[in-house]
Structure formats: structure tokens, C-alpha cells
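Asker: One structure is given below, represented as C-alpha cells, and several questions about it will come after.
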Amino acid sequence: MIKIGALTKIYKKEDQIIKALDGVDLHIKKGDIFGIIGLSGAGKSSLVRCINRIEDPTSGDIFVADTNILKLNGKALREARQGIGMIFQNFNLLSSKTVYENIAFPLRLQKLSKEQVHNRVMALLEKVELTDKTNAYPVNLSGGQKQRVGIARALANSPEILLCDEATSALDPKTTKQILNLLKDISREFGITLVVITHEMEVIKAICNKVAILEAGKVLVQGDTTELFTSKTEEKTRHFFGEVEAPTCLPVKGTRLLLTFAKGSAKFPILSKLIRQFEIDINILSGNIESIQDEVVGKLLIELLPQKGLAEQMPSIHELLDILKSENVLAEVII
Amino acid sequence: MNQMLIKATLETLYMVFIATSFTVLFGLPLGTVLVITSKGHILENQALHKTLSYVVNMARSLPFIILMIFIIPFTRLIVGTSIGTNAAIVPLVVAAIPFFARIVESALYEVEGGVVEAAIAMGASEWEIIRQVLIPEALPSLILGTTITIINLIGYSAMAGAVGGGGIGDLAIRYGYHRFRLDIMAETIVILIVLVQLLQSTGNLLANSILKHRKR
């Protein structure tokens, strides 16, 4: 659906040359909810703005469907933009227009008849559950309601792509959850491809099936969200995926293992089985279980204590790792 | 006596009304062009922006009374004479256009960049953004700015009276100053005060009713 190749954006600020995007390659498939996460200043906002050409990149390609969006100009570009919806952190609604008129705005640009506009607006208002606010002005809406209007407006022209630029960053946690559910719903119902820009891993965990991490204008890693959360952690991406760490006040007494419970293995009492089978002592240092993309993923940091006696029954670390692996638990030796 | 006052008031209203119409007609586009050609706006054009900005500043740096005399040849070219009410309208418009353009400029700059960005993202053309986003969003500020401009024009029109433009200023100078008729002077002042008060209240009322409407 969207293919981004070698995208580079260079700013000149006074005498400094800033590379906002530095050779970004991304491949976003139809129906994906593709998360792009990074710290502020990582270039994610520039990246999403290049997709509908609110910003122009310095070099590279962006193919939307089969059209190179960077080659378009004037009317062709405006028509392409009508097929790409966008929602914003600050909603960017027109304060001079009612909820109804805000949603009708993109439809009027298409020169649709009054009746067509009315039918479409009412259907959208129902979809975002705001029929009771039809004639209200944006100033009287809550943040969540404003974003619902923003979503309805972005969906008005039935786009195939919806760009979400920090769409929930100005909302409280409860409203964030509602908006994320609405976005997920919309993606499923209409098969829309979502590009989600955020600095919050919670947003990625909740709705994105794919994720790319952007740092200093470069893609550090991209792939399937659950896979990235359950595969071996690398130093450079560790702070994004949330490392489980042992409290520093605990002295190291044995071999420390980081266990990642993937593919539903978090639901089974694998550790207690091991303890019974091999009569080993295990100390649990820290851990958590969370749901990523409706899959339960657990992380556990344990310490394998040295055994007294019965040495012949004690399995080697390798044997243990193999057993764990057969149970869909990824184990990494930390110390 | 009263008839003289009424005639002078009507002349002033006529001058100000016609001058305001032409000022808005030329000043609104000029102010809009100043905004949209500025850096990072929808039709960025630094050369045009700087040139227009320079011309506006130049026109605004001339005191009205000097501008009025300076452009007499131009006034003759337009209305055929340099004396009378119609002739006074030309310098009024020339003086008010750059002033109003700056007011339009500051009103349109108040419109949040994000809203314009959203309109671009929806595929709106430059003209659609001006007509359906910038102007409606800035409407309350534009109305208040127009009120300020009209009140300024009343002040200018009194000066125009001094060089034969007619109107209240003309009356005040001829009777109140040259003939020491303090009563007429006082009456003209009362009329001017009432006029300005009325205009300002109407402007405020209009702008507030729009704002209140949007907050309902």
C-alpha cells in the first residue's frame, strides 16, 4: 500500500544542517496498523507529513498504491490527498464551523450534492457516536469528542489510508483507550491502512500489528509487533521494548535468566513444572505480563541458585534453555 | 444652522462609507496576499512578500495631510478634480488601504497553522483555504479591525475637510475656528463622539455575537 524508499529530508537552520530523515525505507501493507515510534525529534512527524506531502522530502520515493506521490503536483496532488485521511494531536477543527460543517468540509471540496453530503455526514456522526453534537461548535466539545470529529472528517472521503499524528497524545488514558478502540474498529471494518505516529509504546501495544522504531531520522528496526516484543532484545532497542530489570539492591547469587513467554506460554505454569522435575531452586526477581495485539506476553527475570548435592540430577543451562524453548519460552542468560 | 450640521454629517458619512468600501475591496486582498506569501504559508513567495511589505510601510509612514497633498495629481486623474467630497475619498482610500492590509494580516496570522495544515491534507486548493478557512476563522478579528479602520477614516475625513473636502471637519474649521463659533465647534465634536461610539459598539456587538454563537 505504501512503499517508502531512501527517504531523506534535510533542513537548514541558520548554519546547521539537520537531517530529519536519513534514508528511511518502510513497507506498509494494506490493512496494516503500522506504528512508527520514536522520541521527539526522531523525525516521525516529518515522515508522516511526507506521505501526504504537507512537507516535501529532499530525496527518495513514496509510492501510495502504485503512484509515486512525490511526482504529483497541483490538482493531481490534491486529488491524491483526498484519498489519504489525517488526524492530528491538536485535532485542528475549524472553530468557525459546527461539528456537522466540519465533517461536511472535505465532502464539499468534492462538490457533492447537498443530499449526498447530508447522508454521508449523518452516517459518520453515527459511526463516531456524536449524533447529539451535530450542531455544536468545537469549543464546546471534550478532547475525545473533538478527536472523534477529526476521525469522522478524515474518513469522510472514504480514504484507503489514515495518517494518525500523535492522535491520542493530548488525551487522558481512558479517552485514549476509547479512541484507540475506535481506530482499530475502523481499520477492521473498512480495511483502511493506518499509519500511527506516537511516542507511547502503549499505543503500539494496543493497536499496531507492525512497528518501526525511528531514531535520529533512521529506522532502527521494523517488523511484527509481537515478534519484536518476544524476540531477543538488542541493546539499542531495549529502552523501547521495556526491559525487565532486577532491583539493584539484590546481590547476584546464581545464573540470571530473562524469560520471554510468547505464543500463549504465559498461561502455563512452566516454571513450577521445571522446579518439580529437576528439584532446582529458582528465585524470581521481577516480571510482568501484558497483552500485545491481544496476545499475552510475559517477561520474567529469574535467578538459578547453585544446587547442594544431587549434582547428577542437575540439568545443564543448555538443557534448561532447550526445554524452555520447546515450551515457547525464550530464555536469555543475562549474567 | 441645523441643516448645515445635517448636511455636513451626511457628507462625512458618505465619504467614510465609500472610502471604507474601496478600502476593504483592495485592502483585504492585499492583507491576504501578505499572509499567504509569507514564509511557510500556502503560497510562499519571499520576494513578493518583502516588496509588498515595503510598499505598505512606505505608504503608512506618510502623515495623512502630506499624503493628501502629495497625491493631488493622482486624485485629479481619478475624479477629475482635487476639491470636494469625492476628491477627498481618493486620499482617504489610499491612506486606509495599507493600514487595513496590516490589520487583515495580523487577523489572518491568528488562524492556527494546524487548521490550515488540516485543510491542505484534505486536498483543499489555495483559494478554498482562503475562502473557507482563513477568512471565516478570522472573521471576528476582521470585523473589529474594520471598525478600527472606519473610525480612523472618520478622523482622516475631518482633515480632508481642511482642504475643501466638505463634511464635519470642514464645518468645524470654517465656523468653529475661522468664525469663533464655539457652539458649532461643540456640536461637531458631539456628533463625532456619538458617531465613533455608535460604530465601535456596533463592531463589538457583531464580533461578539459571532464569538458567542461559536461558544453556544
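Readers should treat all values here as calculations from the given coordinates under stated rules, not as data from a laboratory. All of these numbers come straight from a predicted model, not from anything done at the bench. Glycine also receives a Cβ, built like all others from the backbone with ideal geometry; neighbour counts cover every protein chain displayed.
Asker: Just to check I understand the Karplus step: with θ = phi - 60° and J = 6.51 cos²θ - 1.76 cosθ + 1.60, what whole-Hz values come out for the range A:113-118, glycine and proline as x?
Answerer: Values per residue, Gly and Pro as x: 6, 3, 5, 4, 4, 4 Hz.
Asker: Please arrange A:Glu200, A:Glu160 by counting, for each residue, the other beta carbons lying within 10 Å of its beta carbon, fewest first.
Answerer: By the 10 Å Cβ count, ascending, the order reads A:Glu200, A:Glu160.
Asker: Once amide H atoms are built 1.01 Å from N in the peptide plane, which residues 5 or more positions from A:Val296, or in another chain, come under 5 Å H to H?
Answerer: HN-HN under 5 Å from A:Val296: A:Gly264.
Asker: First select every other residue whose beta carbon is under 14 angstrom from the beta carbon of A:Gly23; then total the charges, Lys and Arg +1, Asp and Glu -1.
Answerer: -1
Asker: What trypsin sites (Lys or Arg not before Pro) does the range B:1-90 have in DSSP loop regions with at most 14 other beta carbons within 10 Å?
Answerer: B:Lys39
Asker: So which of A:Lys205/A:Lys267; A:Lys13/A:Lys210; A:Lys29/A:Lys263; A:Lys44/A:Lys71 end up more than 27 Å apart by C-alpha? Numbers along the way, then the final one.
Answerer: Details: A:Lys205/A:Lys267 19 Å; A:Lys13/A:Lys210 33 Å; A:Lys29/A:Lys263 23 Å; A:Lys44/A:Lys71 22 Å.
Those over the limit are A:Lys13/A:Lys210.
Asker: Along each of its three principal axes, how wide is the spread of alpha-carbon positions in chain B, in whole angstrom units, largest first?
Answerer: Ordered largest first, chain B gives principal extents of 66, 45, 24 Å.
Asker: With r as the distance between the Cβ atoms of A:Ile275 and A:Ala136 and R0 = 56 Å, compute the FRET efficiency 1/(1 + (r/R0)^6) and round to 0.05.
Answerer: 0.40
Asker: From the backbone phi of the range A:210-223, what are the Karplus-calculated ³J(HN,Hα) couplings (6.51 cos²θ - 1.76 cosθ + 1.60, θ = phi - 60°) in whole Hz, Gly and Pro given as x?
Answerer: 10, 8, 10, 9, 10, 9, 6, x, 10, 7, 6, 7, 9, x
Asker: Note down the relative contact order for the range B:2-215 as a percent, whole number, built from C-alpha pairs under 8 angstrom at least six residues apart.
Answerer: Normalised by residue count, the contact order of the range B:2-215 is 27 percent.
Asker: Follow-up question, since we're still on this one. Mind checking A:88-98 for the average number of partner chain beta-carbons within 10 Å of each residue's beta-carbon? Numbers along the way, then the final one.
Answerer: Working: counts 5, 1, 5, 3, 9, 3, 10, 8, 13, 5, 3.
Partner Cβ neighbours, averaged per residue: 6.
Asker: Taking chain A as the reference, fit the longest principal axis to its C-alpha atoms, fit the long axis of helix A:143-155 to the helix C-alpha atoms, and give the angle between the two in degrees, 0 to 90, nearest 10.
Answerer: Once rounded, the angle reads 70 degrees.
Asker: While we're on this one: What are the residues whose amide H is under 5 Å from the amide H of B:Leu62, where those residues sit 5 or more places off or on another chain and H is modelled from the backbone?
Answerer: none
Asker: Can you tell me, using C-alpha contacts under 8 Å and at least 6 residues apart, the relative contact order of the range B:1-109 as a whole percent?
Answerer: Values: 93 pairs, mean separation 43.5, N = 109.
Computed value for the range B:1-109: 40 percent relative contact order.
Asker: Could you list which residues have their amide H under 5 Å from that of A:Leu171, counting only those 5 or more apart in sequence or on another chain, with H placed in the peptide plane?
Answerer: Here the answer is none, since no amide H 5 or more places off falls under 5 Å of that of A:Leu171.
Asker: Moving to a separate point now. Please sort by residue number the GluC sites (Glu not before Pro) in the range A:58-139 whose DSSP state is loop and whose Cβ has at most 16 other Cβ atoms within 10 Å.
Answerer: Those satisfying the criteria are A:Glu129.
Asker: Which helices pass in chain B if a helix is a full DSSP H run, must span at least 27 angstrom along its long axis by Cα, and must have mean Kyte-Doolittle hydropathy not below -0.5? Walk me through the numbers before you get to the answer.
Answerer: Numbers: long enough: B:2-36 (50 Å, 1.44); B:85-109 (35 Å, 1.47); B:135-160 (35 Å, 1.29); B:182-215 (49 Å, 0.91).
In chain B, the long hydrophobic H runs are B:2-36, B:85-109, B:135-160, B:182-215.
Asker: Over chain A, what is the relative contact order in percent, taking alpha-carbon pairs closer than 8 angstrom and at least six residues apart? Intermediate results must be reported in sequence, preceding the final value.
Answerer: Numbers: 616 pairs, mean separation 60.9, N = 335.
Result for chain A is 18 percent.
Asker: How do A:187-199, B:160-172 rank on mean C-beta neighbours within 10 Å, highest first?
Answerer: B:160-172, A:187-199
Asker: Where the centre of each part is set by its Cα atoms, how far does the range A:109-124 sit from the range A:2-38, in angstrom?
Answerer: 35
Asker: Another question, if that's okay. Once every DSSP H run of n ≥ 4 in the protein assembly as shown is given -39500 (n - 2.57) and the sum is divided by its residues, what mean residue ellipticity at 222 nm do you get, rounded to the nearest 500 deg cm²/dmol? Kindly include the intermediate steps, with their values, before the conclusion.
Answerer: Working: 21 runs with 277 residues, N = 551.
Calculated at 222 nm, the ellipticity per residue is -16000 deg cm²/dmol.
Asker: For chain A, give the magnitude of the charge dipole about the Cα centre (Cβ charges: +1 Lys/Arg, -1 Asp/Glu; no others), in debye to the nearest 20.
Answerer: Using Cβ point charges on Lys, Arg, Asp and Glu, chain A gives about 1220 debye.
Asker: A further question follows. Using mean Cβ contacts within 10 Å as the protection proxy, how do B:180-188, A:65-73 order, highest first?
Answerer: The peptides rank, most packed first, as B:180-188, A:65-73.
Asker: Once the dipole of the protein assembly as shown is set up with Lys and Arg at +1 and Asp and Glu at -1 on Cβ about the Cα centre, which of B:Ala19, A:Ile161, A:Tyr137 lies farthest towards its positive end?
Answerer: Most positive-ward Cα: B:Ala19.
Asker: Over what distance in Å are the Cα centres of the range A:143-207 and the range B:174-196 separated?
Answerer: After rounding, the separation between the Cα centres reads 66 Å.
Asker: Further question on the same structure: How large is the Kirkwood hydrodynamic radius of the protein assembly as shown, in angstrom, based on all distinct alpha carbon pairs?
Answerer: 28.7
Asker: Hey, got a sec? Which chymotrypsin sites (Phe, Trp or Tyr not before Pro) in the range B:78-121 land in a DSSP loop and have at most 13 other Cβ atoms within 10 Å?
Answerer: none
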